[in-house]
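Here is the structure we will look at.
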Amino acid sequence: MKRKRLALDEDAVVRRALRELPSPARRLFLRRALTLGGLSLLSGCTLVDEESAERVLIEVSRFNDEVQAWLFDPNRLAPTYPESMITRPFPFNAYYDRDEVPEVDAEPYRLEIGGLVADRHAWTLPELRRLPQTDQVTRHICVEGWSAIGKWGGVRFSDFLKRVGADLTAKYVGFSCLDDYSTSIDMATALHPQTLLALSYDGRTLPPEYGFPMKLRIPTKLGFKNPKHIAAIFVTNVYPGGYWEDRGYNWFSGS
Amino acid sequence: MKTAKVHPLWLRLTHWINALAVLVMVASGWRIYNASPIFAFHFPDSITLGGWLAGALLWHFAAMWVLAANGVVYLALNFASGRFPRRFLPLHARDVLRDLGAAVRGRLAHDDPWHYNAVQKLAYVFAVLDLVVLVLSGLVVWKSVQFPLLRELFGGYDSARVVHFLAMAALVGFTALHVAMAALVPKTLLLMTRGR
């Protein structure tokens, strides 16, 4: 597994560097925004100081995190659907192309657990599959606006967190992934009854394009908050951020 | 004696704050739409706000507070002062048809700013209701799990998105007409800024 990951990294670094070139860096997006169209036409010049506009927007985004945490009802379930409504084929979506999906060997795979937990032993896939499993058909809503219905099965994440003796009063659960993705969620959402450590998709082993060996499936959050190819899970009180969150997407991103 | 103001200060303020909020919401909304178009077209990036999806979402979810808070103040003062029924009621289909006919023939009177003609009444009430639909459908698109009743009212997440888009299109249509009419009768622009 270690070797696999290194091999992946060498190529991935180059590919990511190439990808980053045309894509706007975090501090660039508003600079572009404010020179565009409507607002600058109105004033005939730069409307507001760009740095402070960005600061205000980020502040409001933090405020929106709090509003969403307040709106979030731990007992309110996302709607579930009959299997006949599953979107086929379910769309592939990631920050890389389909041919760059990491291939993970099942046998040497270990899920690492860290941070504020009592039991830090790394989990094999057979161990995880022996835990009680549940499945559900829910709607995946992408930050881009599209949505698709899919069926995920696996271990209820709240059961798993309790089993590893996680500090359930901690603020965040963070994820780092084999595709060099990362994200983090609030503890309330981690403990939501529909949040699953998903090991299967549509009744079969989770395929590589949907996140083999596992993804976190959260029907109460946008798609990018559902990490795939999870390598490590950690419980913390220090804000961990995430791949898209660090680039300006709203952190809570509930749905 | 001072001439009485056609539009009180609170109305002029909420009107222009609303105009700015709608401009930001629409321009950033077009950028968000472009990330995953519902129909077979997209908006030219140059007339959108935000630079990319994350930037557009930041603008959209910041301006929404301005739009909503301003809208609540507008509605509260409008009803508390009795201005809303005084200005917009009664509103009969018969009068709308009559005034619409007069407008088409170029014979619609604008000489009394204290009274809206039936077409104006209909257009302004429509704009208010359309904004309410935009806010409610927007809540479903933003938080479909947390607002189950609203979600079912709009027929689910995907159709709430379509309603949100169509209500936006209607508001842009209203605004185009509204700006054209204000340009034809420039006095109204003075009334909405100075108040008289």
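General remarks:
- Verdict on A:Thr169 being surrounded by fewer than 22 Cβ atoms within 10 Å (Cβ to Cβ) and of a type in the set (Val, Ile, Thr): yes
- One residue from B:Asp112, B:Asp95, B:Asp130 being out of contact with any strand residue (DSSP E or B) (no Cβ under 7 Å at 6 or more places or on another chain), under 30 Å from A:Lys221 (Cα atoms) and surrounded by fewer than 19 Cβ atoms within 10 Å (Cβ to Cβ): B:Asp130
- Among the helices (runs of 4 or more DSSP H) confined to region B:52-126, the ones with at least 3 residues that are within 14 Å of another protein chain (Cβ to nearest Cβ) are located at B:53-80.
- Qualifying residue in region B:22-42 (condition: farther than 22 Å from B:Val162 by Cα and surrounded by fewer than 19 Cβ atoms within 10 Å (Cβ to Cβ)): no
- Criterion violated by A:Ala69 - all others in (1) outside any loop (DSSP other than H, G, I, E, B); (2) without any contact (Cβ under 8 Å) to a residue 12 or more places away in the chain satisfied: (2)
- Being without any contact (Cβ under 8 Å) to a residue 60 or more places away in the chain and touching a Phe, Trp or Tyr at 6+ places or on another chain (Cβ under 9 Å) holds for only one residue in B:Leu108, B:Leu100, B:Leu77, B:Leu58, and it is B:Leu58.
- Residues in region B:140-174 that are aliphatic (A, V, I, L, M), more than 21 Å from the chain's Cα centre (by Cα) and part of a helix (DSSP H, G or I): 2 in all.
- Any chance B:Thr14 is touching a residue at least 12 places away in the same chain (Cβ under 8 Å), farther than 20 Å from B:Ala170 by Cβ and under 21 Å from the mean Cα position of the chain (by Cα): yes
- Residue within region B:39-48 that is more than 7 Å from chain A (Cβ to nearest Cβ) and either more than 23 Å from A:Ile141 (Cα to Cα) or β-branched (Val, Ile, Thr) (or both) present: yes
- Number of residues in region A:182-194 that are surrounded by 22 or more Cβ atoms within 10 Å (Cβ to Cβ) and in contact with a Pro (Cβ under 8 Å, 6 or more places away or on another chain): the value is 3.
- Residue match in region A:174-191 (condition: more than 14 Å from chain B (Cβ to nearest Cβ), over 15 Å from the mean Cα position of the chain (by Cα) and of a type outside the set (D, E, K, R)): yes
- Some residue of region B:31-49 being of a type in the set (A, V, I, L, M), in a helix (DSSP H, G or I) and out of contact with any helix residue (DSSP H, G or I) (no Cβ under 6 Å at 6 or more places or on another chain): no
- Cross-chain or 6+ apart pairs with Cβ under 8 Å, region B:147-161 first and among the hydrophobic types (A, V, I, L, M, F, W, C), then assigned to a helix (DSSP H, G or I) and surrounded by fewer than 14 Cβ atoms within 10 Å (Cβ to Cβ): none
Any read-out appearing in this document is the output of simple, stated calculations on the displayed coordinates, not a laboratory observation. Remember, predicted model here, so these are calculated numbers, not experimental data. As a convention, Cβ positions derive from the backbone with ideal geometry for all residues, glycine included, and neighbour counts pool all protein chains shown.
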